[in-house]
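The values are calculated or read from the model by the stated rules, or taken from the named source; none is laboratory data. Remember, predicted model here, so these are calculated numbers, not experimental data. Because the Cβ atoms are built from the backbone with ideal geometry, glycine has one as well, and the counts that use them run over all protein chains shown.
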Amino acid sequence: MSTARRRVLVVEDEPVINQAVSDRLEAEGYEVVRAFDGPGAVAAFTEHSPDLIVLDVMLPGYDGHEVCRRIQADRPVPVLMLTARADEADVLVGLAVGADDYLTKPFRMRELVARVAALLRRVERATELAGRKALDLGGLTVDAAARRVWRDGEEVRLTPTEFDLLLCLAAQPGAVVTREKLLAEVWGWPGASGTRTVDSHVKGLRAKVGSELIRTVHGVGYALEVAR
Ligand code: CA
């Protein structure tokens, strides 16, 4: 990992939790910027360009989902959402607006640190593919360096997770990649929240790049279908 300090924006309205998370991340060597409500989070994002955001869902002003929507429209950034309950509907909304991972309160600081590190590793690994020239996937053009994607000439905005999923599938066009492999490759750690997480993100990716491009192999995984 690069020696440059990574900047993390911590958004949480409960002062005690905000402080605890910030202190722990600073102790781990991160530079921390803090915000306590929705509008403050968007302002801090614009001002400080963080490398990652730890984002509470329930916030004054507007909630974490709205924050996510606004910042992801600006520039893709990895987002770790904090949620009070493991409500599936909540999680699905979060994934739809561009969250990359979830942590349910109460959580252990060690777990939070592990998730933050895994998300940053993922983004860096994908950036290492920057040496590759643009991939042409039949109607879909992928610039790994710039992390940009075009479908039939129109730019498609993917979340960091969707982009990494696409890149992982594109590494072996036509080959079936198991959900477990996608979890390990894209999320960077094997004990991820499960294969349903993969399914949710693939659903989002399909909606953006065209469902015909990604074939489901039931009970196994996914494959990228490249039209010739
Ligand atoms: Ca809160």
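Mind checking which helices (runs of 4 or more DSSP H) fall wholly inside region 111-213 and carry at least 2 residues that are within 18 Å of Val226 (Cα to Cα) and modelled with pLDDT under 90? Spell out the reasoning first.
On the way: elements: 160-170, 179-182, 195-209.
Passing ranges, in order: 160-170.
Counting only residues that are over 17 Å from Ala43 (Cα atoms) and surrounded by fewer than 19 Cβ atoms within 10 Å (Cβ to Cβ), which one in region 64-89 is modelled with the highest pLDDT?
Ranking the qualifying residues of region 64-89, first place goes to Ala84.
Collect the residues in region 151-165 that are surrounded by 15 or more Cβ atoms within 10 Å (Cβ to Cβ) and over 23 Å from Val116 (Cβ atoms), keeping them in residue-number order. Give the steps one after another, and end with the answer.
To start, the set of residues in region 151-165 that are surrounded by 15 or more Cβ atoms within 10 Å (Cβ to Cβ) comprises 151, 156, 158-165.
Once the filter is applied, which keeps residues that are surrounded by 15 or more Cβ atoms within 10 Å (Cβ to Cβ) and over 23 Å from Val116 (Cβ atoms), region 151-165 yields Arg151, Val156.
Kindly indicate whether any position in region 68-75 is in the same structural domain as Arg121 (by TED's automatic domain parsing), within 16 Å of the ligand (Cβ to nearest atom) and of a type outside the set (Phe, Trp, Tyr).
Here is the first cut: in region 68-75, the residues in the same structural domain as Arg121 (by TED's automatic domain parsing) are 68-75.
Applying the additional criterion that residues be within 16 Å of the ligand (Cβ to nearest atom) yields 68.
Now drop any that are not of a type outside the set (Phe, Trp, Tyr), which leaves 68.
Yes, that holds for at least one residue.
Out of the residues in region 4-31 that are within 16 Å of the ligand (Cβ to nearest atom) and assigned to a loop (DSSP other than H, G, I, E, B), state the one that is nearest to Glu124 (Cα to Cα). Give the derivation first.
Our first condition is that a residue be within 16 Å of the ligand (Cβ to nearest atom); within region 4-31, this holds for 9-22.
Filter once more, so that each one left must be assigned to a loop (DSSP other than H, G, I, E, B): 12-14.
Numbers: Glu12: 26, Asp13: 29, Glu14: 31 Å.
In this case the residue turns out to be Glu12.
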